[in-house]
Amino acid sequence: MSSERALEKRQFGHRARLALDPAQIQLIEAQAHAARTMWNCLHAWWTMLPKDKRTLAAADAAIRQARKEVGFLTVLPAQASQAVLKTYFQAWKNCWDGRADEPNFKGRFRSVMSVDILQGRDLQITRVHRRWGMANIPKAGRVRFRWTKDLPAGKHATSDNRITGARLIKDALGWHIAFRIQTLEAASDPHQGPDVGIDCGVNLPLALSDGNHFDHGRPARLPEGTSDRDKWLNADEKAKLLRLERRAAHRKSFRKPGQKTSNRLAKTYDQMASLRAKAKRRATDWQHQTTTALARTYGAIVVEKLDITNMTKSAKGTIEEPGKNVAQKSGLNRSISQEAWGRTVTMLTYKTARYGGTLHHVPAPGTSLRCSACGFTTPGSRESQAVFVCKNPDCGWSDNADWNAARNILHLYRTGHALVPAAGRAVVRRARRVKPATAR
């Protein structure tokens with residue numbers, strides 16, 4: 001009997017920081033603005049055209065004609081223009097399938113600046129030394145990027161392991177290149193690790209049913225003048241951000257309504273955005289390390305099916321019926337948004353599959369209010385955000401509220417209350433008793 005495992009195709013991305021000179025920065029920014037203009041022209045052409053004439057061939061002809069008539073659009077490579085067309089049609093397909101809203105015009109300051117490179121072979125990636133690599137950017141020439149991961153490039157590239165393309169993206173920390181990588185790897189054996197329930201919380205970011213937890217070192221009380229979003233910055237960075245916020249408020253006080261933002265105020269905003277982008281990057285790095293450790297350790301991971309959009313709704317209410325505890329609810333909403341629970345679940349989804357494990361969802365109602373020791377839901381047991389004390393006279397058990405919820409989550413999975421997708425929505429089925437209905 002052969003012990004060879006089946007091979008499976010894996011597609012993933014890798015993002016690296018670019019080191020550009022001023023001329024290259026100016027050229028790539030011009031390409032990004034041309035790509036945004038191309039998108040807006042394509043959207044205007046699409047919405048004004050009758051439905052029977054909206055075809056891919058007609059859109060391609062319109063883009064070619066626009067490149068001939070509008071001079072500054074030629075700074076964008078032809079393949080990048082085709083990538084704009086491909087992305088636009090995919091946006092409409094996502095809308096028709098119910099996965100996204102209708103595509104709209106891209107604003108100059110609201111949209112992310114990006115340029116696509118469709119063919120991976122055009123990059124001609126080489127490694128210079130341990131920390132830097134070189135890639136060929138159309139019309140910009142050879143550029144350096146930080147080498148933090150071995151890439152299937154050069155003599156290491158094959159038809160099964162290769163870079164299929166890339167995208168240039170600008171954020172508050174500068175320009176980056178995101179590679180699209182395709183590899184062929186051996187399928188993972190089923191994970192033999194234990195089952196675990198995970199409760200996503202605010203006090204404990206990830207509480208596990210076995211009594212462990214993952215914390216990112218958030219202080220119990222933040223320094224005066226700082227907000228919850230600053231927890232990923234050190235003391236010097238927090239002080240700098242506070243100075244910048246005060247400076248921005250002072251300079252903004254001199255701006256009249258409708259007046260253009262001054263260069264000094266814009267520079268202050270850029271400095272603030274750079275610090276917040278650094279904090280976001282540290283948070284994402286913590287999530288990647290944590291979810292990888294979970295996927296390697298546990299065979300079945302169970303989480304709640306949370307509706308984060310409804311959880312973070314404002315409590316203001318209406319004029320006739322104003323809300324209560326609006327400030328406290330606003331602070332809780334910010335804390336929930338900063339924890340990025342949805343991104344954590346997304347990472348667990350593909351990492352558990354990669355390591356041979358499984359990810360399951362269970363219904364969320366009642367998991368934080370039910371006692372994991374006796375199974376009763378008694379009013380007043382959830383004394384605070386962090387403490388759970390069962391008010392059942394025959395029980396009286398107490399523990400951390402997040403660990404209690406994590407045990408309830410795992411218990412729901414073991415009793416068969418797992419959520420499975422059916423006909424585009426999640427339904428409850430008892431896995432050990434009833435077979436799942438076939439989607440029509």
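When each of Ala23, Ala66, Ala100 is tested for being closer than 29 Å to Trp175 by Cα and surrounded by 15 or more Cβ atoms within 10 Å (Cβ to Cβ), the lone residue that passes is Ala66. Within segment 248-256, identify whether any single residue is surrounded by 15 or more Cβ atoms within 10 Å (Cβ to Cβ) and within 29 Å of the chain's Cα centre (by Cα), and answer yes or no. Yes, that holds for at least one residue.
So is Leu233 in a loop (DSSP other than H, G, I, E, B) and touching a Leu at 6+ places or on another chain (Cβ under 8 Å) or not?
Considered against the rule, which asks whether it is in a loop (DSSP other than H, G, I, E, B) and touching a Leu at 6+ places or on another chain (Cβ under 8 Å), Leu233 comes out as yes.
The single condition among (1) within 30 Å of Phe109 (Cα to Cα); (2) of a type in the set (Asp, Glu); (3) at pLDDT below 80 that Asp171 does not satisfy is (3). The number of residues in segment 180-228 that are among the hydroxyl-bearing types (Ser, Thr, Tyr) and either modelled with pLDDT under 80 or buried (at least 18 other Cβ atoms within 10 Å of the Cβ) (or both) comes to 3. Taking first residues from segment 104-120 that are closer than 20 Å to Leu173 by Cβ and partners that are surrounded by 12 or more Cβ atoms within 10 Å (Cβ to Cβ) and among the β-branched types (Val, Ile, Thr), the Cβ contacts under 7 Å between residues at least 6 apart in sequence or on separate chains come to Val112/Ile169; Ser114/Ile169; Val115/Ile28. Here the strands (runs of 3 or more DSSP E) wholly within segment 105-149 that include at least 3 residues being in the same structural domain as Trp46 (by TED's automatic domain parsing) and touching a Ser or Thr at 6+ places or on another chain (Cβ under 9 Å) are 132-137.
Let's see how each residue does on (1) polar (S, T, N, Q); (2) under 25 Å from the mean Cα position of the chain (by Cα); (3) part of a helix (DSSP H, G or I); (4) modelled with pLDDT of 95 or more:
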position	(1), (2), (3), (4)
Ser3	yes, no, no, no
Lys9	no, yes, no, no
Gly13	no, yes, no, no
Gln24	yes, no, yes, no
Glu29	no, yes, yes, no
His43	no, no, yes, no
Asp52	no, no, yes, no
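Each residue in segment 173-190 was checked for being out of contact with any helix residue (DSSP H, G or I) (no Cβ under 8 Å at 6 or more places or on another chain) and either among the hydroxyl-bearing types (Ser, Thr, Tyr) or part of a loop (DSSP other than H, G, I, E, B) (or both), and 4 of them qualify. Quick check: anything in segment 329-338 touching a Leu at 6+ places or on another chain (Cβ under 9 Å) and assigned by TED's automatic domain parsing to the domain that holds Ala207? No, segment 329-338 contains no residue that is touching a Leu at 6+ places or on another chain (Cβ under 9 Å) and assigned by TED's automatic domain parsing to the domain that holds Ala207.
Flag: Ala293 matches the condition of being under 22 Å from the mean Cα position of the chain (by Cα), surrounded by fewer than 14 Cβ atoms within 10 Å (Cβ to Cβ) and modelled with pLDDT of 90 or more. Within segment 366-422, the set of residues being under 22 Å from Leu206 (Cα atoms), of a type in the set (Ser, Thr, Tyr) and without any contact (Cβ under 8 Å) to a residue 60 or more places away in the chain comprises Ser372, Ser381, Ser384, Ser398. Thr148 meets all of the listed conditions (1) in contact (Cβ under 8 Å) with a residue 60 or more places away in the chain; (2) surrounded by 14 or more Cβ atoms within 10 Å (Cβ to Cβ) but one, namely (2). Criterion first (out of contact with any Gly (no Cβ under 9 Å at 6 or more places or on another chain) and assigned to a loop (DSSP other than H, G, I, E, B)) does Phe89 satisfy it? It is false that Phe89 is out of contact with any Gly (no Cβ under 9 Å at 6 or more places or on another chain) and assigned to a loop (DSSP other than H, G, I, E, B).
Just one of the listed residues (Gly193, Gly165) is among the small types (Gly, Ala, Ser) and out of contact with any Leu (no Cβ under 6 Å at 6 or more places or on another chain), and it is Gly193.
Got a sec? Which of Arg10, Arg54 is charged (D, E, K, R), in contact with an Asp or Glu (Cβ under 7 Å, 6 or more places away or on another chain) and surrounded by 13 or more Cβ atoms within 10 Å (Cβ to Cβ)?
Arg10
Contact annotation: residue pairs with Cβ atoms under 8 Å, 6 or more positions apart or on different chains, pairing a residue in segment 30-56 that is farther than 15 Å from Asn104 by Cβ and free of Cβ contacts under 8 Å to residues at least 24 places away in the same chain with a partner that is surrounded by 10 or more Cβ atoms within 10 Å (Cβ to Cβ) and not hydroxyl-bearing (Ser, Thr, Tyr), are Leu49/Ala58; Arg54/Trp46. Scanning segment 264-285 for residues that are without any contact (Cβ under 8 Å) to a residue 24 or more places away in the chain and of a type in the set (A, V, I, L, M, F, W, C) yields Leu265, Ala266. Here the condition is being exposed (fewer than 15 other Cβ atoms within 10 Å of the Cβ) and farther than 16 Å from Arg15 by Cα; of Arg131, Arg110, it holds for Arg110 alone.
When you look at Ala58, is it assigned to a helix (DSSP H, G or I), of a type in the set (Gly, Ala, Ser) and more than 19 Å from His33 (Cβ to Cβ), yes or no? Yes; evaluated as a whole, the condition is true for this residue. For the criterion of being modelled with pLDDT under 85, in contact with a helix residue (DSSP H, G or I) (Cβ under 6 Å, 6 or more places away or on another chain), outside any strand (DSSP E or B) and not β-branched (Val, Ile, Thr), Ser335 passes.
The values are calculated or read from the model by the stated rules, or taken from the named source; none is laboratory data. In this text the structure is predicted, and so the values were computed from the model without any measurement. Positions of Cβ are backbone-derived with ideal geometry, glycine not excepted, and every protein chain shown enters the neighbour counts.
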